[in-house]
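One structure is given here, and the rest of the page talks about it.
The values are calculated or read from the model by the stated rules, or taken from the named source; none is laboratory data. Remember, predicted model here, so these are calculated numbers, not experimental data. Please note: Cβ atoms are built from the backbone with ideal geometry, for glycine as well, and neighbour counts cover all protein chains shown.
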Amino acid sequence: MSDWDDPDDALGAQLRRLFEDDRLELRTRAGAEQVIVAGARRRRRRRATLVAGGGVLTALVLVVGGLLVKGLRDTTAEHTTQAAAPQLSVQSSWSSPPQSTVESGFPEGQGVASEVLGPHGYRSLMLGMSYQDAAATGMLPGDGDGRPPAPQSCVTYPLSAGSARIGEVTISGTNGIVRFRVWNARTPEGVTPGTGLKHLSSAYADFAPVDYGFYSASTGTGARYYFTVTNDTVTEVQLSATGIAC
Amino acid sequence: MTAFVPAIVRERGGAGITRQEGRPPVPGEITDFAEFVEVNLPRLLRYGHALTGNPHDAADLVQTVLEKIGSRWPQVLRKTGDPLAYVRRSMANAHISRWRRHRRENLVAELPDSPTLVQIDPFEHEPLWQALRDLPPRQRAVIVLRYYEGLSEAEIAASLGVAAGTVKSQASKAIATLRGRLRGDEEVEGRKPV
């Protein structure tokens, strides 16, 4: 018998109440549905283009090699026009104080981020900095609930600038800050949410895919940047220490 | 201030809200996918919020999964009679897979068992939400599929593509962790544990 088969399961009742809570509701920006439908269309078109392009290219190779170059150029142009895909934005619907505004995605285009997520850290927070030092900067709201990470473990804390939540930071009890995840920042090389994959790939000498939709590059200082990419556009930048066990 | 889409009538409550209430789309047309999105986006965002623990990841997860599924909508409709359930299961799996990639690649060694955190946290003072948020994604997904979606153990196993025994063990660990966390919080506050 599972724990959840217990008819007197108080925890189960609590969980059900929690999942019924109105505060789970999220509201979308106007046009969110269209953004998604357009994204699906783009994916479908791209797939069709690649399939058709493959057949066309095969035929062209057999007939006229010279036209192959044009075919590739056309395909590249198609991808270029698709690079700036808009992202979905949501806001928690439970209340709407100014400090609660959530922009989960970033609008099309570049240059939306002015703060730099450098190779060593963000603002006054640095990789390797202890929880106590990080909390002293005032960038961990409520001092991260006042709970420092235990030795040999890590805890992720919300990151704030003034009253706004701007990301999160993971702190190891042994090794200090090991990861930054900042919603709206740029690397010194100018990569930021909204940057196209083409620009991203040319910004770093050792740029490489980690997995589908994830890319990585060395900061040159023993840490690494990680980039989440959706529809050929960067949606998130992270800075992580390497070789750290939590 | 952000302008919002007028609220779409949506189902309330968590447990057992697994079935699509909107009229089923006609296969093969992207316009029907648009209808599906319009009807279901609010509830999928809500579900994503429960799965990931924060609005930012919820929006990203919903958009990524819907765009992928929408790009092959006719095939999805042919393959499943319940596209909403299919989307939800895809979201659960995508969330687990994505976190796994981060865990494996980001810190090379290990990330903490607190995969997702908040940008905005309307549940800041809810110990159960905080404890739930710190669960590893697979355990959290099992809890969400059980108590939000109301799925049985066998249905959860089929959704996540794992054995029923795995669901049982993940659930057991998750529930033990949640109980332990709640007990700890209660003791800290000097109240009797649940």
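Considering only the range B:84-98, I want to know if a residue exists there that is at pLDDT 90 or above and within 12 Å of chain A (Cβ to nearest Cβ).
Scanning the range B:84-98 turns up at least one residue that is at pLDDT 90 or above and within 12 Å of chain A (Cβ to nearest Cβ).
Test B:LEU66 against the criterion of being in a helix (DSSP H, G or I), more than 7 Å from chain A (Cβ to nearest Cβ), out of contact with any Asp or Glu (no Cβ under 8 Å at 6 or more places or on another chain) and at pLDDT 85 or above, and give yes or no.
On the way: in a helix (DSSP H, G or I): yes; more than 7 Å from chain A (Cβ to nearest Cβ): no; out of contact with any Asp or Glu (no Cβ under 8 Å at 6 or more places or on another chain): yes; at pLDDT 85 or above: yes.
For B:LEU66, the condition - in a helix (DSSP H, G or I), more than 7 Å from chain A (Cβ to nearest Cβ), out of contact with any Asp or Glu (no Cβ under 8 Å at 6 or more places or on another chain) and at pLDDT 85 or above - is not met.
So which of A:ALA161, A:ALA150 is surrounded by fewer than 22 Cβ atoms within 10 Å (Cβ to Cβ), at negative phi, free of Cβ contacts under 8 Å to residues at least 24 places away in the same chain and not aromatic (Phe, Trp, Tyr)?
Of the residues listed, the single one that is surrounded by fewer than 22 Cβ atoms within 10 Å (Cβ to Cβ), at negative phi, free of Cβ contacts under 8 Å to residues at least 24 places away in the same chain and not aromatic (Phe, Trp, Tyr) is A:ALA150.
I want to confirm something. Restricting to the range B:155-177 and keeping residues that are among the small types (Gly, Ala, Ser) and free of Cβ contacts under 8 Å to residues at least 12 places away in the same chain, which single residue is surrounded by the most Cβ atoms within 10 Å (Cβ to Cβ)?
B:ALA157
Scan the range A:162-185 and tell me whether some residue there is over 29 Å from B:LEU132 (Cα atoms), assigned to a strand (DSSP E or B), in contact with a strand residue (DSSP E or B) (Cβ under 7 Å, 6 or more places away or on another chain) and more than 12 Å from chain B (Cβ to nearest Cβ). If you could, list the steps in order and put the result at the bottom.
In the first step, residues of the range A:162-185 are kept if they are over 29 Å from B:LEU132 (Cα atoms); the result is none.
No, that holds for no residue.
Quickly run through the range B:43-63 and pick out the residues that are of a type outside the set (Gly, Ala, Ser) and at pLDDT 85 or above.
Those that are of a type outside the set (Gly, Ala, Ser) and at pLDDT 85 or above: B:ARG43, B:LEU44, B:LEU45, B:ARG46, B:TYR47, B:HIS49, B:LEU51, B:THR52, B:ASP60, B:LEU61, B:VAL62, B:GLN63.
If B:PRO74 satisfies all but one of (1) more than 21 Å from A:VAL35 (Cα to Cα); (2) within 14 Å of chain A (Cβ to nearest Cβ), what's the number of the condition it fails?
Here B:PRO74 clears every test but (1).
Of the residues B:LEU44, B:LEU51, only one is assigned to a helix (DSSP H, G or I), in contact (Cβ under 8 Å) with a residue 40 or more places away in the chain and more than 10 Å from every other protein chain (Cβ to nearest Cβ); which?
B:LEU51
I'm trying to understand the selection: among the residues of the range A:213-237, which are farther than 11 Å from A:PRO193 by Cα, modelled with pLDDT of 85 or more and assigned to a strand (DSSP E or B)?
Within the range A:213-237, A:SER216, A:ALA217, A:SER218, A:ALA223, A:ARG224, A:TYR225, A:TYR226 meet the criteria.
Which of the residues spanning the range A:182-225 are over 14 Å from the mean Cα position of the chain (by Cα), crowded, with 20+ Cβ neighbours inside 10 Å and among the small types (Gly, Ala, Ser)?
Residues satisfying the conditions are A:ALA217, A:ALA223.
If I ask for residues that are among the hydrophobic types (A, V, I, L, M, F, W, C), within 7 Å of chain B (Cβ to nearest Cβ) and surrounded by fewer than 20 Cβ atoms within 10 Å (Cβ to Cβ), which ones from the range A:19-39 would you list?
Scanning the range A:19-39 gives a single hit, A:ALA30.
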